[in-house]
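Student: Here you go, one structure.
The values are calculated or read from the model by the stated rules, or taken from the named source; none is laboratory data. Note that this is a predicted model, so its numbers are computed, not measured. Please note: Cβ atoms are built from the backbone with ideal geometry, for glycine as well, and neighbour counts cover all protein chains shown.
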């Protein structure tokens, strides 16, 4: 199984870093994405999050989808509705 490409269709290479301004991958990473294993892709996605954080100054945050789903399914108590 492969993961979806991180490409967001902003395909411009930053001359300073050599990485794409949209997805933060190098040309080599872009070229090898289709042949990477799912584990390699997952590791690269983590590295891309770090690159994006360093470039934009935005901190990494953990997405807790399971907890969000559980909260949305849980009945609201009367104190929460007041």
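Student: Please specify each residue of segment 6-48 satisfying the condition of being farther than 20 Å from residue 59 by Cα, surrounded by 14 or more Cβ atoms within 10 Å (Cβ to Cβ), out of contact with any strand residue (DSSP E or B) (no Cβ under 7 Å at 6 or more places or on another chain) and in contact (Cβ under 8 Å) with a residue 12 or more places away in the chain.
Tutor: 29, 33, 36, 41
Here's the yes/no breakdown for (1) closer than 13 Å to residue 6 by Cβ; (2) assigned to a helix (DSSP H, G or I); (3) at pLDDT 95 or above:
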{"position": "34", "(1), (2), (3)": "yes, yes, yes"}
{"position": "41", "(1), (2), (3)": "yes, yes, yes"}
{"position": "45", "(1), (2), (3)": "yes, yes, yes"}
{"position": "58", "(1), (2), (3)": "no, no, no"}
{"position": "61", "(1), (2), (3)": "no, no, no"}
{"position": "69", "(1), (2), (3)": "no, yes, no"}
{"position": "72", "(1), (2), (3)": "no, yes, no"}
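Student: With (1) in a helix (DSSP H, G or I); (2) modelled with pLDDT of 90 or more as the list, and residue 10 as the residue in question, which single condition is left unmet?
Tutor: The number of the failed condition is (1).
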